[in-house]
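Peer 1: First the structure, then my questions, so here it is.
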Amino acid sequence: MIVRRTQLSREQLEALIHEESKDTSKLFFTKHVEEQMRSRRIAKACVLETLRAGRIRRRPEPNPMKGAVECKMAYFSAGHRVAVIVAVSNDPGLIIVTAMYA
């Protein structure tokens, strides 16, 4: 039986995000997140560290319009608590939706 990525448990999603974020070629930054990172002065390194070591801090939310599940990852990075919304679909890679201070 094949398990779709959008049907993974919270723990499985967290492990998948940690693993896939190690390879930056699998990360897709939306224009929105790039604008938010710039306006909030959040470095790309902080976003990457949050994806690689952070924890899912709220129940993953399905986004049926995008065919994805969105996870809020949080981590203490560079002296701040950083939160990153990342979308996981059944396609390879991760879509970084937005970043903020939590």
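The values are calculated or read from the model by the stated rules, or taken from the named source; none is laboratory data. Note that this is a predicted model, so its numbers are computed, not measured. Note: ideal-geometry Cβ built from the backbone for every residue, glycine included; neighbour counts use all protein chains shown.
Peer 1: For region 46-75, name all the residues that are among the hydrophobic types (A, V, I, L, M, F, W, C), at pLDDT 95 or above and either over 18 Å from Thr30 (Cα atoms) or not in a strand (DSSP E or B) (or both).
Peer 2: Within region 46-75, Cys46, Val47, Leu48, Leu51, Ala53, Ile56, Ala74 meet the criteria.
Peer 1: In addition: How many residues does region 1-42 contain that are in a loop (DSSP other than H, G, I, E, B), under 22 Å from Pro64 (Cα atoms) and more than 14 Å from the chain's Cα centre (by Cα)?
Peer 2: Qualifying residue count, region 1-42: 5.
Peer 1: Another question about this same structure. Just give me the residues in region 44-78 being surrounded by fewer than 17 Cβ atoms within 10 Å (Cβ to Cβ) and of a type in the set (Asp, Glu), in sequence order.
Peer 2: Initially, region 44-78 is screened for residues surrounded by fewer than 17 Cβ atoms within 10 Å (Cβ to Cβ), giving 44-45, 52-53, 55-59, 61-67, 76, 78.
The one that is surrounded by fewer than 17 Cβ atoms within 10 Å (Cβ to Cβ) and of a type in the set (Asp, Glu): Glu61.
Peer 1: Moving on to the next point. Tell me which of these Met73 doesn't satisfy, since it passes every other one: (1) free of Cβ contacts under 8 Å to residues at least 40 places away in the same chain; (2) within 11 Å of the chain's Cα centre (by Cα); (3) under 19 Å from Gln12 (Cβ atoms).
Peer 2: (1)
Peer 1: Taking the conditions exactly as written (touching a Gly at 6+ places or on another chain (Cβ under 9 Å), more than 14 Å from Ala102 (Cα to Cα) and either exposed (fewer than 13 other Cβ atoms within 10 Å of the Cβ) or small (Gly, Ala, Ser) (or both)), does Ser25 satisfy them or not?
Peer 2: Criteria met by Ser25.
Peer 1: On to the next question. State which residue pairs qualify: first residue over 13 Å from Leu51 (Cβ atoms) and inside region 12-38, second residue exposed (fewer than 14 other Cβ atoms within 10 Å of the Cβ) and of a type outside the set (A, V, I, L, M) in any location, beta carbons under 7 Å apart, and separation of 6 or more residues or different chains.
Peer 2: none
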